[in-house]
Structures are given as structure tokens and as C-alpha cells.
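Here the structure is laid out as C-alpha cells; the discussion comes afterwards.
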Amino acid sequence: MTQTLSSFLFPHRRAVAQRCPSPPMLNLISIGGQHQGVYGFPRCPGESSHICDWIRKTLDLGAYTKSVQEHLVQAEYWHDPLKEEDYRKNSIFLADINQERGINETYKKNLMALKKFVMVKFLNDTMVDPPISEWFGFYKSGQAKETIPLQETSLYKEDRLGLQEMDKAGKLVFLGVKGDHLHFSEEWFDSTILPFLQ
């Protein structure tokens with residue numbers, strides 16, 4: 001049996017493609033998935049708001065504790081660009097599937113076996129901070145204001161997941177859709193996503 005699509009909201013399904021190659025997944029379609037994680041509270045404008053910045057710092061206090069990582073799935077996506085070493089050391093999920101602690105060649109080989117890896121970013125997203133995480137981008141390390149695209153990240157430059165090779169082979173597809181997180185029309189889905197099922 002072959003899966004032709006895995007449509008998801010979070011990178012957990014990407015982890016299935018990386019960790020479980022059977023049955024093989026042909027195309028992986030990520031709709032608003034936070035591939036580099038989040039560093040913010042939904043609907044908060046980040047550092048431009050003192051309250052949002054305070055909430056972010058408060059969340060940061062416990063996000064990498066073992067009990068929070070093991071019992072709160074949202075903490076598994078917390079990626080503090082100001083504390084990269086804490087993230088790499090203590091993130092039990094995202095740091096693992098993004099190969100932040102070492103290279104698992106099986107993860108890389110399995111992801112590279114996809115025919116297409118489609119990433120949908122919501123262009124007016126107020127839930128995911130930073131929204132560029134939906135296209136595998138993130139904040140520049142050491143600060144939380146300037147974001148960089150996937151192609152400027154160390155993950156891509158070191159090709160730890162095979163994304164650079166997949167990009168050069170035309171296997172990565174970056175789609176943008178107007179609207180907030182998970183707001184899209186049936187017409188958009190039918191005309192843009194369904195062709196990847198053909």
C-alpha cells in the first residue's frame with residue numbers, strides 16, 4: 001500500500017516520513033507546519049509588544065524542562081533563537097527531527113525519497129511566530145527580530161536533512177496562500193493542492 005499524500009498541520013507527519021519509510025510516502029504536503037518551530041504566542045506581534053515579549057519570556061522559563069517537553073506537545077515546537085544550545089540539548093522532538101544534535105542518515109534518506117515536499121505558508125498568519133517557519137525559515141540565531149529563509153539556514157547549508165539536494169532537484173515546493181492560519185478556500189485547495197495527488 002502506498003500513501004500518496006500526508007496533509008498535516010504540524011511536523012509530526014514529517015517525522016513519520018523520516019522515521020517510518022514503510023509504507024512509502026510519495027508526496028508530503030505540509031499546510032502551515034512549523035518546521036523550525038515557534039518562538040512566540042499566537043496572535044501576539046512579538047517583540048513589538050511588551051506584553052507579548054513578557055509572555056514569550058515566561059513561556060521560555062519552562063519550555064525546555066523534561067516534564068514540560070514530555071507532557072505538552074506545544075513545547076516540542078518551542079525554538080528559542082536566543083538560547084540555541086538549550087533548544088538543541090533539551091528539545092525532545094523538533095531538535096531531533098531537524099538533526100540539530102547529529103546526523104541520522106536514515107532520516108535524511110527517507111525524507112529525500114519523497115517525490116515532492118510541499119510547504120504551504122499562510123501569508124497573513126497570526127498563529128505561527130515566525131510564519132517563515134512554515135517554509136523552514138526562522139530567526140537568525142542570537143536574536144528574535146530578523147528572519148532568514150531556509151536557503152540561508154545552517155540546516156540547509158549543511159544539508160542535514162537533504163533539503164538542499166531536494167531543492168536543487170525540484171522536489172521542494174513553496175506555496176503561499178493569503179489568509180490567516182489554516183484559512184483557505186475549497187477552490188484554492190482544489191486548484192493548488194489536488195494536482196499533487198495526481
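Karplus-based coupling profile of segment 73-84, in residue order and whole Hz: 4, 4, 5, 5, 9, 6, 9, 8, x, 8, 9, 4, with θ = phi - 60° in 6.51 cos²θ - 1.76 cosθ + 1.60 and x standing for Gly or Pro.
Distance check, please: which entries in K108/K140; K140/K171; K89/K116 exceed 28 angstrom between their Cα atoms? Don't skip to the end; give the middle numbers.
Working: K108/K140 23 Å; K140/K171 25 Å; K89/K116 31 Å.
Over 28 Å apart, Cα to Cα: K89/K116.
With both residues required to sit in the chain, DSSP beta bridges show an antiparallel share near 10%. Taken per residue, the accessible surface of the chain reaches 50 Å², heavy atoms only and a 1.4 Å probe.
Rounded to a whole number, what % of the accessible area of the chain do carbon and sulfur atoms account for, probe 1.4 Å?
Numbers: 5600 of 9960 Å².
The computed percentage sits at 56.
Per-residue packing, averaged as other Cβ atoms within 10 Å, sorts the ranges 61-72, 136-147 into the order 136-147, 61-72, beginning with the highest.
Take the chain, connect every pair of alpha-carbon atoms lying under 10 Å apart with a spring to form a Gaussian network, then pick out the residue of G40, G170, G32 with the largest mean-square fluctuation. Taking springs between Cα atoms under 10 Å, the residue moving most is G170. When the Cα positions of F136, A113, F196 are compared along the charge dipole of the chain, A113 comes out farthest toward the positive end, with charges on each C-beta of Lys, Arg, Asp and Glu. For K121, the shell of other residues with beta-carbons less than 14 Å away shows a net charge of -3, using +1 for Lys and Arg and -1 for Asp and Glu. Put one equal scatterer on each alpha carbon of the chain, apply the Debye formula with no solvent term, and list log10 I(q)/I(0) at q = 0.09, 0.13, 0.17, 0.19 1/Å to two decimals. The calculated log intensity ratios at q = 0.09, 0.13, 0.17, 0.19 Å⁻¹ are -0.32, -0.69, -1.18, -1.44. Helical runs (DSSP H, four residues minimum) scored at -39500 (n - 2.57) apiece and divided by the length of the chain put the mean residue ellipticity at 222 nm at -7000 deg cm²/dmol.
The values are calculated or read from the model by the stated rules, or taken from the named source; none is laboratory data. Owing to the predicted nature of the structure, the values given are computational and were not obtained by experimental measurement. Ideal geometry is used to build each Cβ from the backbone, glycine not excepted, and the neighbour counts take in all protein chains shown. To get the accessible areas, we keep the full protein, side chains included, count just its heavy atoms, and leave off ligands, DNA and RNA. Shrake-Rupley method; radii C 1.70, N 1.55, O 1.52, S 1.80 Å.
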